[in-house]
């Protein structure tokens, strides 16, 4: 291999490592749910190329309302699924849609679109 081929190969490897770190391993911010009327924990989630926020912290045993607003037309983001809570919702573009449930035990629970490309995490403490 010539020196330029080695350099290009190393640069490509470094870029692949950076991309993997950025999308899967970089630390993410956590959003604590605000307690609203009646003790319900509430968080507004924007759907545009992903979920914002994508890591949500709530307390076990208290009702949760997550309100999703889809701001894109990609077909992947048409639904949100909470398999551990047997909940899902269709997300029409531009409309606020609430998903309500009461997590009964602590743990980390994933939520995602129907294709599994958009992902988030609910942390129950």
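Being in a loop (DSSP other than H, G, I, E, B) and out of contact with any helix residue (DSSP H, G or I) (no Cβ under 9 Å at 6 or more places or on another chain), is that true of even one residue in region 1-23? Lay out the reasoning, then the answer.
Kept after step one, since they are in a loop (DSSP other than H, G, I, E, B), are these residues of region 1-23: 1-2.
Then keep just the ones that are out of contact with any helix residue (DSSP H, G or I) (no Cβ under 9 Å at 6 or more places or on another chain); that gives 2.
The answer is yes; a qualifying residue exists.
Can you say whether residue 27 is under 22 Å from residue 125 (Cα atoms) and either assigned to a helix (DSSP H, G or I) or modelled with pLDDT under 90 (or both), as far as the supplied structure shows? Working first, answer last.
Details: under 22 Å from residue 125 (Cα atoms): yes; either assigned to a helix (DSSP H, G or I) or modelled with pLDDT under 90 (or both): yes.
Yes, satisfied.
Residue by residue through region 47-63, note down the ones that are farther than 14 Å from residue 120 by Cα and in contact (Cβ under 8 Å) with a residue 40 or more places away in the chain.
Residues of region 47-63 farther than 14 Å from residue 120 by Cα: 59-63.
Once the filter is applied, which keeps residues that are farther than 14 Å from residue 120 by Cα and in contact (Cβ under 8 Å) with a residue 40 or more places away in the chain, region 47-63 yields 59, 60, 61, 62.
Look at residue 97 and say whether it is over 12 Å from the mean Cα position of the chain (by Cα), surrounded by 15 or more Cβ atoms within 10 Å (Cβ to Cβ) and outside any loop (DSSP other than H, G, I, E, B). Explain how you work it out, then say what you get.
On the way: over 12 Å from the mean Cα position of the chain (by Cα): yes; surrounded by 15 or more Cβ atoms within 10 Å (Cβ to Cβ): yes; outside any loop (DSSP other than H, G, I, E, B): yes.
Here the answer is yes, as residue 97 does meet what is asked.
Take residue 81 and decide whether it is buried (at least 17 other Cβ atoms within 10 Å of the Cβ), closer than 18 Å to residue 106 by Cβ and modelled with pLDDT of 85 or more. I'd like the intermediate steps shown before the answer.
Numbers: buried (at least 17 other Cβ atoms within 10 Å of the Cβ): yes; closer than 18 Å to residue 106 by Cβ: no; modelled with pLDDT of 85 or more: yes.
Spelling it out, it is not the case that residue 81 is buried (at least 17 other Cβ atoms within 10 Å of the Cβ), closer than 18 Å to residue 106 by Cβ and modelled with pLDDT of 85 or more.
So for region 29-44 (the condition being within 19 Å of residue 93 (Cα to Cα) and either under 13 Å from the mean Cα position of the chain (by Cα) or surrounded by 10 or more Cβ atoms within 10 Å (Cβ to Cβ) (or both)), does at least one residue qualify?
The first filter runs over region 29-44 and keeps only residues within 19 Å of residue 93 (Cα to Cα), leaving 43-44.
Narrowing the set further to residues that are either under 13 Å from the mean Cα position of the chain (by Cα) or surrounded by 10 or more Cβ atoms within 10 Å (Cβ to Cβ) (or both) leaves 43-44.
Looking through region 29-44, at least one residue is within 19 Å of residue 93 (Cα to Cα) and either under 13 Å from the mean Cα position of the chain (by Cα) or surrounded by 10 or more Cβ atoms within 10 Å (Cβ to Cβ) (or both).
Does any residue of region 104-113 turn out to be in contact (Cβ under 8 Å) with a residue 40 or more places away in the chain, touching a strand residue (DSSP E or B) at 6+ places or on another chain (Cβ under 6 Å), part of a strand (DSSP E or B) and surrounded by 14 or more Cβ atoms within 10 Å (Cβ to Cβ)? Give the steps one after another, and end with the answer.
The initial filter retains those residues of region 104-113 that are in contact (Cβ under 8 Å) with a residue 40 or more places away in the chain, namely 104-106, 111.
Then drop every residue that is not touching a strand residue (DSSP E or B) at 6+ places or on another chain (Cβ under 6 Å), which leaves 106, 111.
Those still in the list that are part of a strand (DSSP E or B) too: 111.
So of that shortlist, the ones also surrounded by 14 or more Cβ atoms within 10 Å (Cβ to Cβ) come out as 111.
Yes, some residue in region 104-113 is in contact (Cβ under 8 Å) with a residue 40 or more places away in the chain, touching a strand residue (DSSP E or B) at 6+ places or on another chain (Cβ under 6 Å), part of a strand (DSSP E or B) and surrounded by 14 or more Cβ atoms within 10 Å (Cβ to Cβ).
The values are calculated or read from the model by the stated rules, or taken from the named source; none is laboratory data. All values derive from a computational prediction rather than experimental measurement. Glycine gets a Cβ as well: all are built from the backbone with ideal geometry, and neighbour counts include every protein chain shown.
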